[in-house]
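Novice: Just dropping this structure here.
The values are calculated or read from the model by the stated rules, or taken from the named source; none is laboratory data. In this text the structure is predicted, and so the values were computed from the model without any measurement. All Cβ positions, even for glycine, are placed from backbone atoms using ideal geometry, and neighbour counts span all protein chains on display.
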Amino acid sequence: MTGVTTDLAGLVETILSTPRAGQRRLVALAGAPASGKSTLAETLASLLRQAGCDTQVVPMDGFHLDNRILTARGILHRKGAPDSFDAAGLAHLCRRLAQEDEVFYPLFDRARDISIAGAGHVSAGCDTIIVEGNYLLFDTEAWRPLVQNWDLAIRLDVSNEVLRQRLVARWQEHGHSHQEAVARAEGNDLKNAALIERFRLDLPGQNVLQNS
């Protein structure tokens with residue numbers, strides 16, 4: 001059964017009590033752009049470490065395809081859409097995270113708008129990994145294989161109105177005018193949010209966190 005919660009302490013207890021299928025526990029934290037995934041992932045990781053569980057956060061953004069590839073495919077303006085990521089590469093990483101002692105992975109540099117190979121590192125002593133990203137619970141052929149890796153799944157539930165406000169504010173913080181920020185939010189980010197809802201994959205035991 002899917003549970004709805006806003007209780008972080010309870011969510012931490014749920015994570016700690018979740019058995020591992022592999023060497024490490026893998027927790028998926030999925031949600032739309034600007035739903036608060038990164039903030040929540042770091043908060044949960046901090047709380048888990050305080051509870052004595054060595055935890056790291058691995059974002060899926062390192063699997064953005066390079067801008068040159070997106071340009072060649074005519075989808076640079078849709079960067080962040082499902083087909084602008086290397087979903088198979090992410091699935092391969094998750095299998096390694098579950099089973100291997102030491103793992104390196106790519107990170108996305110937002111200032112330079114590029115992914116950097118081997119910039120992230122998971123140490124051998126890491127017990128639990130929170131993987132955060134838009135399409136971790138996305139029911140399409142390319143993304144569905146990811147769910148085989150999750151010991152626990154969490155989905156952030158945020159209203160479209162709140163998402164729009166956050167997205168416009170985010171683009172303005174990056175130096176865009178209000179009009180440009182609205183255009184970017186409505187022309188790409190909110191379209192991706194709609195896709196995430198349309199192809200939402202609900203798993204048995206999945207947790208839903210309402211974040212407003």
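Residues checked against (1) among the polar types (S, T, N, Q); (2) over 18 Å from PRO33 (Cβ atoms); (3) surrounded by 14 or more Cβ atoms within 10 Å (Cβ to Cβ):
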| position | (1), (2), (3) |
| --- | --- |
| ARG96 | no, yes, yes |
| GLU102 | no, yes, no |
| ARG110 | no, no, no |
| VAL122 | no, yes, yes |
| GLY133 | no, no, yes |
| ASP151 | no, yes, yes |
| LEU167 | no, no, yes |
| HIS174 | no, no, no |
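Novice: Given the criteria within 20 Å of LEU201 (Cβ to Cβ), aliphatic (A, V, I, L, M) and touching a helix residue (DSSP H, G or I) at 6+ places or on another chain (Cβ under 6 Å), does ILE154 qualify?
Specialist: Spelling it out, it is not the case that ILE154 is within 20 Å of LEU201 (Cβ to Cβ), aliphatic (A, V, I, L, M) and touching a helix residue (DSSP H, G or I) at 6+ places or on another chain (Cβ under 6 Å).
Novice: Step by step: first the residues of the range 185-212, then only those that are out of contact with any Pro (no Cβ under 8 Å at 6 or more places or on another chain) and of a type in the set (S, T, N, Q), then the one that is farthest from PRO145 (Cα to Cα). Which residue is that?
Specialist: SER212
Novice: Taking the conditions exactly as written (within 19 Å of LEU29 (Cβ to Cβ), of a type in the set (Phe, Trp, Tyr) and in contact with a strand residue (DSSP E or B) (Cβ under 9 Å, 6 or more places away or on another chain)), does PHE108 satisfy them or not?
Specialist: Yes, satisfied.
Per-residue answers, yes or no, for (1) touching a residue at least 12 places away in the same chain (Cβ under 8 Å); (2) part of a helix (DSSP H, G or I); (3) within 23 Å of LEU44 (Cβ to Cβ):
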| residue | (1), (2), (3) |
| --- | --- |
| ARG155 | yes, no, yes |
| ARG170 | yes, yes, yes |
| GLY175 | no, no, no |
| GLN179 | no, yes, no |
| ARG184 | yes, yes, no |
| ASN188 | yes, yes, no |
| ALA193 | yes, yes, yes |
| ILE196 | yes, yes, yes |
| LEU203 | yes, no, yes |
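Novice: Report yes if some residue within the range 139-146 is more than 15 Å from the chain's Cα centre (by Cα), of a type outside the set (D, E, K, R) and farther than 20 Å from PHE63 by Cα; otherwise report no.
Specialist: no
Novice: Here is a further query. Which count do you get for residues in the range 47-92 that are over 19 Å from ILE114 (Cβ atoms) and out of contact with any strand residue (DSSP E or B) (no Cβ under 8 Å at 6 or more places or on another chain)?
Specialist: Total meeting the criteria: 8.
Novice: All but one of (1) in contact with a strand residue (DSSP E or B) (Cβ under 7 Å, 6 or more places away or on another chain); (2) farther than 20 Å from GLN210 by Cα; (3) loosely packed, with under 15 Cβ neighbours inside 10 Å hold for LEU26; state the number of the condition that does not hold.
Specialist: Only one criterion in (1) in contact with a strand residue (DSSP E or B) (Cβ under 7 Å, 6 or more places away or on another chain); (2) farther than 20 Å from GLN210 by Cα; (3) loosely packed, with under 15 Cβ neighbours inside 10 Å is unmet by LEU26, namely (3).
Novice: Continuing with the same structure: Could you figure out which of (1) touching a Phe, Trp or Tyr at 6+ places or on another chain (Cβ under 7 Å); (2) small (Gly, Ala, Ser); (3) free of Cβ contacts under 8 Å to residues at least 24 places away in the same chain isn't true of ALA124?
Specialist: Only one criterion in (1) touching a Phe, Trp or Tyr at 6+ places or on another chain (Cβ under 7 Å); (2) small (Gly, Ala, Ser); (3) free of Cβ contacts under 8 Å to residues at least 24 places away in the same chain is unmet by ALA124, namely (1).
Novice: Hey, another quick one. Check whether at least one residue in the range 44-61 is touching a Gly at 6+ places or on another chain (Cβ under 7 Å) and part of a loop (DSSP other than H, G, I, E, B), and report yes or no.
Specialist: Taking every residue of the range 44-61 in turn, at least one turns out to be touching a Gly at 6+ places or on another chain (Cβ under 7 Å) and part of a loop (DSSP other than H, G, I, E, B).
Novice: Counting only residues that are in a helix (DSSP H, G or I), within 24 Å of ARG49 (Cα to Cα) and not aliphatic (A, V, I, L, M), how many does the range 92-147 have?
Specialist: Summing the residues that are in a helix (DSSP H, G or I), within 24 Å of ARG49 (Cα to Cα) and not aliphatic (A, V, I, L, M) in the range 92-147 gives 4.
Novice: Of the numbered conditions (1) modelled with pLDDT under 95; (2) of a type in the set (Ser, Thr, Tyr); (3) touching an Asp or Glu at 6+ places or on another chain (Cβ under 8 Å), THR39 fails exactly one; give the number of that condition.
Specialist: (3)
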